[in-house]
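Below is one structure, written out as structure tokens; the observations come after it.
Where a number appears in this text, it was derived from the coordinates with a stated rule and is not lab data. Here the structure is a predicted model, which is why all the values come from computation and not from measurement. Glycine gets a Cβ as well: all are built from the backbone with ideal geometry, and neighbour counts include every protein chain shown.
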Amino acid sequence: RKNEFKPLELEVNDFGVYQIDSDTQLHVNKDFSQEGLVVNGLQFPFTVRHKRAGDSFCPSGMQGATQKLKDFLTNAKLDKWSKQNTLVVEHNSTIVAILPFRVAYGYNENSNDSKVNISIHYC
């Protein structure tokens, strides 16, 4: 089929621009003046992938409580396309951010740890 959904699983090893598909890029940088999610304490390599059934994470602002990703996206009132194309940032099998919406609890604190600014750009 022409518009068949192809799940993404991209290993990010360094700062730079990564091509997700023909019209979408992932920017990973240290420039915090740019729009994007700033993830504290994130180290390379990490994985950016589409959501999977059963994914859960601890959203910032929920004091460490776990929430299913499906419920988080439903509460955000996203359309079907946005839900299907949501990207997850994962490090050591832990979801640390949902692009472009939320950083996980523990990765949002302002600290001296390594910081990464991650953003999605549509060409």
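For region 9-122, build the charge dipole from Cβ charges (+1 Lys, Arg; -1 Asp, Glu) around the Cα centre, then report which of Gly16, Pro45, Asn75 sits farthest towards its positive end. The Cα lying farthest towards the positive end belongs to Asn75.
Look at where the Cα atoms of region 24-42 and of region 85-123 average out, and the two centres are 8 Å apart. Sorting the segments 60-69, 81-90, 23-32 by their mean number of nearby beta carbons within 10 angstrom, highest to lowest, gives 81-90, 23-32, 60-69.
Per-residue 3J(HN,Hα) values for region 63-72, derived from phi via the Karplus relation 6.51 cos²θ - 1.76 cosθ + 1.60 with θ = phi - 60°, read 6, x, 6, 8, 9, 5, 4, 4, 5, 4 Hz in sequence order (x marks Gly and Pro). In plain terms, the residue of Tyr122, Tyr107, Tyr18 with the fewest other Cβ atoms within 10 Å comes first and the most crowded comes last, giving Tyr122, Tyr18, Tyr107. Note on region 9-122: Cα-Cα pairs beyond 21 Å make up 32% of the total pair count.
Taking a point 7 Å out from the Cα of Phe32 in the direction of its Cβ, the residues of region 64-102 whose backbone N falls within less than 18 Å of it are 97, 102.
So what is the relative contact order of region 3-119, in percent, for Cα pairs below 8 Å that sit 6 or more residues apart? Computed over region 3-119, the figure is 35 percent. This model, with +1 at the C-beta of Lys and Arg and -1 at the C-beta of Asp and Glu, gives the chain a dipole about its Cα centre of some 540 debye. Taking a straight Cα-Cα cut-off under 15 Å and skipping sequence neighbours fewer than 8 places away in the same chain, the aspartates and glutamates within cross-link reach of Lys80 are Glu4, Asp71.
Of Ser93, Ser56, Ser119, the sequence from fewest to most neighbouring Cβ atoms within 10 angstrom is Ser93, Ser56, Ser119. Stretched out straight at 0.36 nm per residue, the stretch from Lys115 to Gln63 would grow longer than its current Cα-Cα span by 16.6 nm.
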